[in-house]
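Asker: Would you mind keeping the following structure in view while I ask a few things?
All of the numbers you see were taken from the coordinates with simple rules; none came from a lab. Keep in mind it's a predicted model, so treat the numbers as computed, not measured. Please note: Cβ atoms are built from the backbone with ideal geometry, for glycine as well, and neighbour counts cover all protein chains shown.
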Amino acid sequence: MLSQRIDQLTAGSAKIGCLFNPNGGQARKRLPEIRQVLAQIPGIMVREGTDAATFKTALESLLQAEIDLLVIVAGDGTTHAILAHLFRIFPATDNWPVLMIVPGGTTNMTPFDLGITGKPDQVLRRLQTYLARPSSIQLQKRSAFCIQQVGIEKMYGMFFAVGLVARGVKFSRSPVKQVGITGNSYTFLIMLHSVITALIGIFTERHHADWKPVTMTLTETDGKIHQGTFLFALISASHRILLNMRPYWGKEALPLHVTWIKQQPKRLWRSLWPLLTGQGDKLKESDGYFSHNMQELSLSLDDEYVVDGELYRSNHANEPLLISATAPITFLVV
């Protein structure tokens, strides 16, 4: 059980497993340093994976060893795949090992939100120091979300987006990714391109096919319906996203932050700063701005969407995506 695993970590007797994606954007740049640190952590079981099949095999191998802490050296996409497989094996998160996410990918929103910063080898060095002298333990809890739709396997993640954000992710798969930029610089490039394109579309009322808004219907659990065309919509279990943006200002004590912006919002220029910094209390739904916290909701659309940096498509607007919060996951922070 989870409480026993936490006790083992505090006592210094925990079994440690590491799942490492050497192809991650940050990990590729620091491979020798990462492998050197991992080799110096006594007893750690290291498994490498580079795709869904090898992630699954590696994870199952570590779980069979009954590890207490699972260290994931990877980006958001790999973490997304690992969470999904953990939920399939152990639907109750109390049966999971404690997780630690080391920022090893091109984008690393989950560790950033948890307060884990630095190069992957630097984070692993801090873990090594903690394991050598365990004492008080710093843990964070976050729910993920589950996406259900007829005809697809359940998906799990921390960040969902449609509209301009999904277009930005698709753009990032173009030759722009080949320039070798990763991390915040890469994210800033994609965000800047998205914002400029959106503003041009708003003020000229002409949207390029690759950067058009999204038409969808969002239904809350109480039956309230939001229908129309939106610049973007975000659903996140994280409190912050990259570049320290906090585009959520809902007050409800519920785990999923839901924000959307209509296609033609009023006073967009004046609203950008409060929108991105969590200070949008005065932004009105009647002006095209919405942010509330929810436990679950449904989305109907015929368009692309992104989950933790991975692109998917909903082809059936009459078969909605049902999105609900999971039980909290326990993360180690060093």
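Asker: Cα centroid distance between the range 226-277 and the range 63-142, in Å?
Answerer: So the separation of the two Cα centres works out to 27 Å.
Asker: Further, regarding this structure: Evaluate the distance, in nm, between pseudo-label points positioned 7 Å from the Cα of ASP7 and of GLU310 along their respective Cα→Cβ axes.
Answerer: Roughly 3.6 nm, to one decimal.
Asker: How far, in nm, would the chain grow between SER286 and ALA253 when pulled straight, counting 0.36 nm per residue and subtracting the alpha carbon separation?
Answerer: 9.5 nm
Asker: How many angstrom lie between the C-alpha centres of the range 289-334 and the range 1-53?
Answerer: A separation of 28 Å, based on Cα centres.
Asker: May I pose another question? Can you pull the one-decimal nm distance between simple spin-label points at VAL333 and ASN95, each 7 Å off the Cα toward Cβ?
Answerer: 2.9
Asker: Sticking with this structure for a sec: What share of the DSSP beta bridges in the chain is antiparallel, in percent to the nearest 5?
Answerer: Antiparallel bridges: around 75 percent, rounded to the nearest 5.
Asker: More than 33 Å apart: what percent of Cα pairs in the chain qualify?
Answerer: Tail fraction, whole percent: 27.
Asker: For the chain, what does the helix formula give at 222 nm: sum of -39500 (n - 2.57) over DSSP H segments with n ≥ 4, over the residue count, nearest 500 deg cm²/dmol? The partial results should precede the final answer.
Answerer: Numbers: 10 runs with 110 residues, N = 334.
Mean residue ellipticity, 222 nm, calculated: -10000 deg cm²/dmol.
Asker: To continue, here is another question. Quick query: amide H of THR326 versus all other amide H atoms, modeled in the peptide plane; which residues come in under 5 Å with a sequence gap of 5 or more or a different chain?
Answerer: Those qualifying (amide H under 5 Å, at least 5 residues apart or on another chain) are ALA144, PHE145, CYS146.
Asker: Could you tell me the relative contact order of the chain? Use alpha-carbon pairs under 8 Å, at least six residues apart, and round to a whole percent.
Answerer: Numbers: 682 pairs, mean separation 67.1, N = 334.
Contact order relative to length: 20 percent.
Asker: Something else: Reachable aspartates and glutamates from LYS56, Cα under 19 Å, same-chain residues fewer than 8 places away excluded?
Answerer: Cross-link targets: GLU48, GLU66, ASP68, ASP76, GLU153, ASP308, GLU310.
Asker: Give me the mean projected area, in nm² to one decimal, of the convex hull enclosing the Cα positions of the range 2-137.
Answerer: If I average the Cα hull's projected area over directions, I get 7.3 nm².
Asker: Using only Cα atoms, tell me the angle between helix 2-11 and the longest principal axis of the chain; keep it within 0 to 90° and round to the nearest 10.
Answerer: 50
Asker: Further question: On a 0 to 90 degree scale, rounded to 10, what angle separates helix 183-204 from the longest Cα axis of the chain?
Answerer: It is inclined by approximately 10 degrees.
Asker: Oh, and also: State, in angstrom, two size descriptors of the range 227-280 derived from its alpha carbons: Rg to one decimal place and Dmax to the nearest whole number.
Answerer: Considering the range 227-280 through its Cα atoms, Rg and Dmax are 11.4, 30 Å.
Asker: If packing is taken as the average count of other Cβ atoms within 10 Å, what order do 67-77, 8-18 fall into, highest mean first?
Answerer: Ranking, from highest mean packing down: 67-77, 8-18.
Asker: In straight Cα distance, which lysines are under 22 Å from LYS212, not counting same-chain residues fewer than 8 positions off?
Answerer: LYS170, LYS177, LYS262, LYS266
Asker: Give me the angle, in degrees from 0 to 90, between the Cα long axis of helix 76-89 and the longest principal axis of the Cα atoms of the chain, rounded to the nearest 10.
Answerer: 70
Asker: Determine by what factor the alpha-carbon radius of gyration of the range 93-137 differs from 2.2 N^0.38 Å, reporting the quotient.
Answerer: Working: Rg = 11.8 Å, N = 45, 2.2 N^0.38 = 9.3 Å.
It is 1.26.
Asker: Quote to one decimal, in nm, the extra length available between GLN40 and ASN318 on full extension: 0.36 nm per residue of separation minus the C-alpha distance between them.
Answerer: 94.7 nm
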